[in-house]
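For reference, the structure is listed below as C-alpha cells.
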Amino acid sequence: MKSFDLVAKIYDLINRSRYQRDVPYILRLLTITPGRKFLDIGGGTGAMAHILFQKTCCRMTVVDSSAGMIAAGKEKGYQAEWLQADPVKTLPIARNSVEGAIMVYTLHHIKKNQQIIALTEICRVLKKGDKLLIIEMDYHNFLSISLNLVEKLMTLGKVWFISANKLKESLNKAGLSVDHYEKRRQGYILRAVK
C-alpha cells in the first residue's frame with residue numbers, strides 16, 4: 001500500500017503504546033513457543049513480530065503489501081522474515097505450514113468484499129488445529145471514528161470496519177471456528193481455530 005510507505009518511518013512511534021497494550025493479549029491467547037512458525041498479517045514494520053520474537057523465540061514472518069513498511073522494519077533490525085505480499089492474493093506459503101497467525105488492526109484496511117478472501121487464504125496456510133488471532137477496532141466507538149478520520153487525513157485510505165458478529169460469520173465461511181471472543185473498550189479480540 002503506497003500510502004503506508006509515506007508513514008513507515010514514524011509508524012512505530014505512533015503505535016508504541018498499542019504494541020505494549022496488545023502483546024500480553026497475544027501471549028495469553030496463543031501458544032507461542034520457540035521455533036513455532038507464525039505470521040503477522042499486515043504487520044507493517046514488524047515491530048509487533050519483533051517483540052513476540054524477543055519474548056518467545058518463535059519464527060515470525062511479517063506479511064505486508066507496503067515496501068516502505070518492510071524497509072523501515074529491516075532498517076531497524078527487527079528480527080523477522082519479510083514477505084511483501086497481499087493477503088487477498090495467494091500467499092507464496094505452503095498449505096498447512098503455519099502454526100499461528102495474528103492480524104492486529106489490519107482487517108479494516110482490506111476492502112469489505114475482499115476480507116473473506118484474505119481470511120480464506122490465511123486458513124489455507126494454517127495447520128489444522130492452529131489459530132488466527134484478530135484484534136480489531138469497533139466501528140461504533142469514538143476512538144474508531146477518530147482513527148478513521150486520522151487515517152484519511154494521513155492519506156492511509158478508506159477503512160472497512162467489520163463488526164465482531166459479521167467477522168465470526170466470515171471466519172466460519174473461511175473454514176475457521178471462533179473459540180474465543182473478548183470485548184475491549186476500543187474494539188474486540190477474536191481467536192479462531194482451523
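Any residue that is at pLDDT below 85 and more than 30 Å from Ala94 (Cβ to Cβ) - is there at least one of those in the range 159-169?
Residues of the range 159-169 that are at pLDDT below 85, as a first pass: 159-161.
Going one step further and asking which of them are more than 30 Å from Ala94 (Cβ to Cβ), we end up with 159, 161.
So far as the range 159-169 goes, yes, one or more of its residues are at pLDDT below 85 and more than 30 Å from Ala94 (Cβ to Cβ).
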Near pairs, Cβ below 7 angstrom, 6+ apart or cross-chain, from the range 32-43 (among the β-branched types (Val, Ile, Thr)) to any residue that is not in a strand (DSSP E or B): Ile32/Leu52; Ile32/Thr56; Ile32/Cys58; Thr33/Thr56; Thr33/Cys58; Ile41/Pro87; Ile41/Thr106; Ile41/Ile122
Any strands (runs of 3 or more DSSP E) falling wholly within the range 47-143 and containing at least 2 residues that are touching a strand residue (DSSP E or B) at 6+ places or on another chain (Cβ under 7 Å), open to solvent by less than 60 Å² (accessible area, probe 1.4 Å) and modelled with pLDDT under 95: 126-137
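The values are calculated or read from the model by the stated rules, or taken from the named source; none is laboratory data. All values reported here derive from a predicted model rather than from experimental measurement. All Cβ positions, even for glycine, are placed from backbone atoms using ideal geometry, and neighbour counts span all protein chains on display. Side chains included, ligands, DNA and RNA excluded: accessible areas come from the protein's heavy atoms. Shrake-Rupley method; radii C 1.70, N 1.55, O 1.52, S 1.80 Å.
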